[in-house]
Amino acid sequence: MVDLQGQYAKIKGEMDSALQEVLASARFVRGPEVTAFEEELASYTGAAHVVSCASGTDALQLALMALGLQPGDEVITVPFTFVSTVEVIALLGLKPVFVDVRPDTFCMDVTQVESAITPRTKAIIPVHLFGQCVDMEPLLDIARRHNLFVVEDACQAIGAQVRFSDGSPHTAGTMGHIGCTSFFPSKNLGCYGDGGALFTQDGALAERLRVMANHGMRQRYHYECVGLNSRLDTLQAAVLRVKLRHLDEFTAARQAAAADYTAALADLPAVQTPAIAPHSTHVFHQYTLKLEGVARQPLMEHLSAAGIPTAIYYPVPLHLQEAYVSLGYRTGDFPVSETLAQCVLSLPMHTELDREQIQYIVRILSQELQKS
Ligand SMILES: *Cc1c(COP(=O)(O)O)cnc(C)c1O
């Protein structure tokens, strides 16, 4: 699904010397490399403040901790996402409340949010799934009217751009009170291990996040709140500084691959290619098809036999997972998420896909679909 070896080969010179410098400095946690990366990412995204941490999951958890939510408070999000979004809500004793996603963009259906708000609702977590942003302008308007926090899960959408109706440009993660991203190796900006970051425009909130991510400690061995040990390794910061310099090229390569797929798949009636929302660019963390009237499992096996990996993101929506039965949801509650779980299929998507590979994938896929 991804070709991290091919990507490393292209940037090996730069990467190896960046890593050597960290090894020679023998500073492995925080330090100037981490600060420099935070500043560079802030200037890339337009965020006023970037606070790095140990993973995207930790970023989401730190965000909810910093907002001072109380056990039992409700947080609105979607069941069609990676588990972390919902896991952190549950871990903190908060209550996940779901709304469904849209069948075209797979992102939160913002029109369902207002009716899910109760007196206990405190926050909304929109998930910018597969690389494009939720329709943030109406969502931010709802949040303002109901005095709710917005924490963006931008783990899959770093660099995606949104234009508001007043013409102002924004990037994924910088529109809500806090934005969260992940540097897991397969993400669009991936390090060589785990890593994550938080974005905020609010200096006081940034300071609170920074303290919380380091054991609640401001002054050495004085703890002002219960925190986490969640820091970005210096080696990972060095990796990310190199990769951030290439992120625009990486994104362009993904977008070009997606455009090639979409053009080549246009005439296949059994597949629906990804829809791009009018309000957001798409950075194609995943290239995800909807299949119509196709047996998915045998198709995946045939593709695999031809050397083509595919994946299902996500096979079971979170409201139907064993871990979350206590929330009391049932089959039928979120029909769009449930249908998508049955019919989506993600094709290989990464920065090293070339035309020839895409043509091969499309040729085999078309042959298999014509057989079925
Ligand atoms: C990857 C991901 C996360 C978690 O990030 P980690 O760095 O793996 O902890 C959270 N939400 C979404 C939507 C993700 O894709």
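The values are calculated or read from the model by the stated rules, or taken from the named source; none is laboratory data. Just so you know, these numbers come straight off a predicted model, no measurement behind them. FYI the Cβ positions are ideal-geometry reconstructions off the backbone, even for glycines, and counts take in every protein chain you see. Note: accessible area is taken over every heavy atom of the protein model, side chains too, but ligands, DNA and RNA are not part of it. Shrake-Rupley method; radii C 1.70, N 1.55, O 1.52, S 1.80 Å.
Tallying residues that are open to solvent by less than 30 Å² (accessible area, probe 1.4 Å) and of a type in the set (D, E, K, R) within the range 43-72 yields 0.
Only one of the numbered conditions (1) open to solvent by 20 Å² or more (accessible area, probe 1.4 Å); (2) away from the ligand (no atom under 13 Å from the Cβ); (3) closer than 20 Å to ILE276 by Cα is violated by PHE149, and that is (3).
The residues listed here are GLU40, GLU14; of these, the one that is open to solvent by 50 Å² or more (accessible area, probe 1.4 Å), more than 18 Å from the chain's Cα centre (by Cα) and under 19 Å from PHE184 (Cα atoms) is GLU40.
Per-residue answers, yes or no, for (1) modelled with pLDDT under 95; (2) farther than 23 Å from LEU247 by Cα; (3) touching a helix residue (DSSP H, G or I) at 6+ places or on another chain (Cβ under 8 Å):
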{"residue": "VAL99", "(1), (2), (3)": "no, yes, yes"}
{"residue": "HIS128", "(1), (2), (3)": "no, no, no"}
{"residue": "CYS133", "(1), (2), (3)": "no, no, no"}
{"residue": "ASP141", "(1), (2), (3)": "no, yes, no"}
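Which one is surrounded by the most Cβ atoms within 10 Å (Cβ to Cβ), of the residues in the range 152-176 that are of a type in the set (Asp, Glu) and touching a strand residue (DSSP E or B) at 6+ places or on another chain (Cβ under 6 Å)? Checked the range 152-176; the qualifying residue surrounded by the most Cβ atoms within 10 Å (Cβ to Cβ) is ASP153. Exactly one residue out of ALA143, ALA204, ALA237 is more than 16 Å from the ligand (Cβ to nearest atom), part of a helix (DSSP H, G or I) and open to solvent by less than 10 Å² (accessible area, probe 1.4 Å): that is ALA143. THR181 fulfils the conditions (1) outside any loop (DSSP other than H, G, I, E, B); (2) within 14 Å of the ligand (Cβ to nearest atom); (3) in contact with a Phe, Trp or Tyr (Cβ under 7 Å, 6 or more places away or on another chain) except for a single criterion, (3). Could you check, for the range 333-341, whether at least one of its residues is touching a helix residue (DSSP H, G or I) at 6+ places or on another chain (Cβ under 9 Å), under 19 Å from PHE82 (Cβ atoms), within 16 Å of the ligand (Cβ to nearest atom) and open to solvent by 20 Å² or more (accessible area, probe 1.4 Å)? No, because not a single residue in the range 333-341 is touching a helix residue (DSSP H, G or I) at 6+ places or on another chain (Cβ under 9 Å), under 19 Å from PHE82 (Cβ atoms), within 16 Å of the ligand (Cβ to nearest atom) and open to solvent by 20 Å² or more (accessible area, probe 1.4 Å). Scanning the range 23-60 for residues that are in contact with a Gly (Cβ under 9 Å, 6 or more places away or on another chain) and away from the ligand (no atom under 16 Å from the Cβ) turns up SER25, TYR44, THR45, ALA47, ALA48, HIS49. When ASP194 is tested against (1) within 15 Å of the ligand (Cβ to nearest atom); (2) out of contact with any helix residue (DSSP H, G or I) (no Cβ under 7 Å at 6 or more places or on another chain); (3) within 23 Å of MET65 (Cα to Cα); (4) open to solvent by less than 10 Å² (accessible area, probe 1.4 Å), just one condition goes unmet, and that condition is (4).
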